[in-house]
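The structure under discussion appears below in the form of structure tokens.
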């Protein structure tokens, strides 16, 4: 009996390029966090908070059975006789919720882009602001028909206080120049105005605090079309959970109560990802062609 031949491990291409290509073909488009997250610690906090609420709640007393063996109907004490509920300590989730509501109030009060810039710079609740060097608000022409929204600033953006000025920004400028746009004919910003430490992915709480500002940003800029670059941008603005590989190249309608009409929005790869995966540039080029075609239909200025 002869043994069936099996591929030798030495015959497999295990180079970094081959492994990255395998991940890209499998739809993996984001890295894990740079810093570990102790989710057991978070779970313990939530359990402790729930236990504190349980202990502070008044204990229910069983009703005495009525004659005949049937339980007597429960009586409700008058409101004035009910003991006041003890105050419940606010947990991390409560604080994050209040911070998000505060951001929403500040964003809603902004009537101009300069008002909004000032509101973002005054907002102190987001922990990312503590470690960032500058607030990165926007760049380009605020009256442009095309608005580009990225994810978060990088190191060079943090130093200069402008979005997309590093290597990925230079690539994005060349990409948009290929369809006839430059920073005089588009307006560019990020969902997150402060650089996360080590370029890590922002937490859901951090994104939640920044969302009211970027949504108001879109309302005040009122573009004819939106280009979302990167998975975080598309997922946050569209409230979707799919990765950028599934979202890119598709048109969505971005709606807001303070916009006169829904704005066409398309997602594409972040240029930082294209620098790491140049083989995906062909798909990004297709997205740009779709964008150019729609902008021409809308009569956008170039």
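The values are calculated or read from the model by the stated rules, or taken from the named source; none is laboratory data. No experiment lies behind these values; they were computed from the predicted model shown. Cβ placement follows ideal geometry from the backbone for every residue including glycine, while neighbour counts extend to all protein chains displayed.
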Can you name every one of the strands (runs of 3 or more DSSP E) wholly within the stretch 184-302 that holds 3 or more residues which are surrounded by 20 or more Cβ atoms within 10 Å (Cβ to Cβ) and touching a residue at least 24 places away in the same chain (Cβ under 8 Å)?
186-190, 225-229, 263-268
Restricting attention to the stretch 112-133, and to residues there that are assigned to a loop (DSSP other than H, G, I, E, B) and touching a residue at least 60 places away in the same chain (Cβ under 8 Å), which single residue is nearest to the chain's Cα centre (by Cα)?
126
Failed condition for residue 170, given (1) surrounded by fewer than 16 Cβ atoms within 10 Å (Cβ to Cβ); (2) under 19 Å from the mean Cα position of the chain (by Cα)
(2)
Set 286, 215: member being at pLDDT 95 or above and within 23 Å of residue 170 (Cβ to Cβ)
286
Would you mention how many residues in the stretch 114-131 are surrounded by fewer than 17 Cβ atoms within 10 Å (Cβ to Cβ) and under 21 Å from residue 142 (Cβ atoms)?
5
State all residues of the stretch 134-159 that are more than 14 Å from residue 121 (Cα to Cα) and part of a strand (DSSP E or B); if no residue qualifies, say none.
139, 140, 146, 147, 148, 149, 150
Being at pLDDT 95 or above, in a loop (DSSP other than H, G, I, E, B) and more than 25 Å from residue 240 (Cα to Cα) is the requirement here; does residue 179 meet it?
yes
